[in-house]
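Please read the structure below before turning to the comments.
Where a number appears in this text, it was derived from the coordinates with a stated rule and is not lab data. Keep in mind that this is a model prediction, so the values were computed, not measured. Cβ placement follows ideal geometry from the backbone for every residue including glycine, while neighbour counts extend to all protein chains displayed.
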Amino acid sequence: MASSASEHSLLLSKIATNEQHGENSPYFDGWKAYDQNPFHPTENPEGVIQMGLAENQLSLDLVEEWIRKNPKASLCTAEGVEKFRSVANFQDYHGFPEFRQAIATFMSKARGGRVTFDPDRVVMSGGATGANELVMFCLADPGDAFLIPSPYYPAFYRDLGWRTGVQIVPVDCDSSNNFKITKEAVEAAYEKAKNSNINVKGLIITNPSNPLGTTLDKDTLESLVAFINQNNIHLVCDEIYAATVFSSPKYTCITEVIQDMDCNPNLIHIVYSLSKDMGFPGLRVGIVYSYNDDVVNIGRKMSSFGLVSSQTQHMLASMLSDEDFVEKFLATSSKRLVKRHGVFTKGLEEVGISCLKSNAGLFCWMDLRRLLKDQTFDGEMVLWRVIVNEVKLNVSPGSSFKCVEPGWFRVCFANMDDDTVEVALKRIRALVGQGKKAQEQAQVKSTKKRWQSNLRLSFSSSTRRFEQEGVSVLSPHMMSPHSPMSHSPFVQAKEYWDLYSSV
């Protein structure tokens, strides 16, 4: 006898069946659209181009070159197989000492060498996702909350709260000051949460920002440290894009700030990863670096649930200890990122699309507010469906990042080759071209409506005069308000602009 899905769910845990994973979001729906119809320059040139994935693929050739020159770093080569047994049998959740030292050194170099890190404070985890969750398990209980300035990474709901039960309290930031975080906004969100009987355990910031691609200046960081210190709550700094800074202003990390401040270091924690800076998301290298001894000790025990594999540690310890390689990689990556960012933003500017000024990250915060039919989040979703399903670009709508203003989109530019970037820009030009034409048509129709309105007023006046004289006059033809329109959830691009021009 067949049983229903609801009956099956009764056999599962509340964690397994709740909706706190956050994947019921356009952010992930766009990925599904890409997975179902992925772009390929020859095999599927009309497919969806993946611009919703923040991957750094621009300098992987340097990594491949290093691997070819250093076969001993791999256990799967004749030169490296002699280390296989000792590496394969390694189980210490502290990690290889040489790996932790290499990570600490690389973190310093990625921050311009202005700070140093203690390898004994390096705690491993399975990517930044695992690192974020590990920190939450250490710092908060179910029902506790963390403040996060918006817009913020959509998967934070999964990473921070799905299994831990931790809540997110947004700190609203908007375009009036280029989405900058202010102490006043943080204080307002904190007080509102307290008045709602929400126990706020800390503040989480991403620096550089995802999705904005901006960095926090020293004054802002100092004000935030002062705030958490005053209220005796934690500060978690997500710095996974630290080495993606490609132009001024220079990057200021939280370690650089607190070394010159009188604050409680036990409240400061850093989440790091090699997924973005090195382009290694598949290697699942996540790091928790805390100035709190208890968090380091407890986190290390918890890390047993998501360790970095010993084989990965072995290879990266060798790679990241190669100072010449690291310096070359960081310098080349920065140059390639600034070039790609310039090509992409210039291409957008040529068709009248602006982006928030940025100096870091693997994406742009694109302003499409003028293309919205309605300045609402419903209007944003209509445009997003057109872009994904008709223009065939997976970009991420601002609402999925909890942006307070409709019409902003995150678009990634570092996960493709130069030719694919040109194809994407060509598609965006076509979208904007259709939109411009629709806007011109709407303007013409608006002018025509005003002319018709004036004509009707004049006509009505004449009609009354003629009726007084016994003359019959026919009224002008009006289009029925019940004209059929498409109700498809995925509006065709042409239909969208036809609707736009009809208002």
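Farthest towards the positive end of the charge dipole of the range 274-362, among the residues Val296, Ser333, His314, is the Cα of Ser333, using unit charges on the Cβ of Lys, Arg, Asp and Glu.
Between the listed residues Gly130, Pro142, Gly80, the Cα displaced farthest toward the positive end of the dipole of the range 74-144, a dipole computed from Cβ unit charges relative to the Cα centre, is found at Gly80. Taken along its three principal axes, the alpha carbon spread of the range 1-151 comes to 57, 51, 43 Å, from the longest extent down to the shortest. Ordering of 31-38, 129-136 by packing is 129-136, 31-38, highest average first (other Cβ atoms within 10 Å, averaged per residue). Packing, as the average of other Cβ atoms within 10 Å across residues, places the peptides 355-365, 422-432 in the order 355-365, 422-432, highest first.
Shown for the range 80-152 is the translational diffusion coefficient from the Stokes-Einstein equation, using the Kirkwood radius over Cα pairs, a temperature of 20 °C and a viscosity of 1.002 mPa s: 140 µm²/s. Distance from the Cα centroid of the range 103-173 to that of the range 12-35 is 20 Å (rounded to whole angstrom).
Please state the shape class of the range 127-275: rounded when a/c is under 1.5, otherwise prolate if a/b exceeds b/c and oblate if not, all from the C-alpha gyration tensor. Rounded.
Note that the range 147-207 shows a convex hull volume over its alpha carbon atoms of 86 Å³ per residue. Given their separation in residues at 0.36 nm each and the Cα-Cα distance between them, Tyr93 and Glu64 gain 7.6 nm when the chain is fully extended. Would you work out if the range 324-395 is rounded, prolate or oblate? Take a ≥ b ≥ c from the square roots of the eigenvalues of the alpha-carbon gyration tensor; rounded if a/c is under 1.5, else prolate when a/b is larger than b/c, oblate otherwise. It comes out prolate by the Cα gyration axes. Kirkwood hydrodynamic radius of the range 73-322, from the reciprocal of the average inverse Cα-Cα distance over all distinct pairs: 18.6 Å. Could you list, in their original order, any pairs among Lys32/Lys373; Lys218/Lys250; Lys183/Lys218; Lys276/Lys335; Lys109/Lys250 whose Cα atoms are separated by more than 18 Å? In this structure, Lys32/Lys373 exceed 18 Å between Cα atoms.
In the range 73-322, the DSSP beta bridges split such that about 35 percent are antiparallel, to the nearest 5.
The slack between Glu350 and Arg427, meaning 0.36 nm per residue of separation minus the straight C-alpha distance, is 26.4 nm. Packing here is the average count of other Cβ atoms within 10 Å per residue, and on that basis the peptides 75-81, 48-54, highest first, run 48-54, 75-81.
With the biggest extent put first, the Cα atoms of the range 193-334 measure 49, 39, 28 Å across the principal axes.
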